[in-house]
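Trainee: Attaching a single structure in structure tokens format; questions to follow.
Nothing in this text is a laboratory measurement; each read-out follows from the coordinates by a stated rule. Worth saying up front: this structure is predicted, and the values here are computed from it rather than measured. Using ideal geometry, Cβ is built from the backbone for each residue, glycine included, and neighbour counts are taken over all protein chains shown.
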Amino acid sequence: MKETEQDVIYKIFRLLKENALKILMAIREKEKIRWKDLQEITGIPTATFNRALSALQEIRFIKKEENFYKLTWTGKLVSDGLLLLGWRIAEEVEPVEDIIAEELLAKDIVMAIIFLLFVSLKRRGKLNIDKFEKELKNEIKIVKKIFREYEKDGYIEIKNGWVYTTDKINELDISKIFK
């Protein structure tokens, strides 16, 4: 098995396409919804809709209970994150000074990691912190790989350890980041 086939984060990233995001956010708005209503709200063709719905179930962002689709706790976390990133929000985000931007981003990411660690601890009852640290370092490689893919597509430019946006990314709405 190739390394990329084993990388869960990479699989999730590749599965989250615009159609899956539309479904995820529609379920978030309704909390509990039937297939037909969900398909009508999103307006996605049936075959495409079913593939996206299946992908969201496979990565356990949604679940089906008594003929209704609902978000799982991870689906809620992802949809909340999308809202924080600007999904359906038209206002501009104030720019942050370069000196503190990475520090703030790193702190936000650490807070999300701490939350997920405690959820995992509660469910599993234990955590091998050394193995977790090793795996987290491996996942950073995936972030860099994804950045390289976006650079190939012209959305960003990587120079001397800095990632710069191009005009092309400024025209991209948040749902298309996962395309």
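Trainee: If each residue's Cβ is checked for other Cβ atoms within 10 Å, how do Phe115, Phe61, Phe49, Phe147 rank with the fewest at the top?
Mentor: Fewest to most other Cβ atoms nearby, the residues stand as Phe115, Phe147, Phe49, Phe61.
Trainee: Next question, about the same structure. Here are some pairs, Lys63/Lys126; Lys36/Lys126; Lys134/Lys159; Lys76/Lys131; Lys70/Lys144; Lys76/Lys122; which of them have Cα atoms lying more than 30 Å apart in this structure?
Mentor: Lys36/Lys126; Lys70/Lys144
Trainee: Over the range 28-76, what is the relative contact order in whole percent, taking alpha-carbon pairs under 8 Å and six or more residues apart?
Mentor: It comes to 45 percent, rounded to a whole number.
Trainee: Taking the Cβ of each residue in Lys152, Lys30, Lys168 as the centre, tally the other Cβ atoms inside 10 Å and list the residues starting with the fewest.
Mentor: Lys152, Lys168, Lys30
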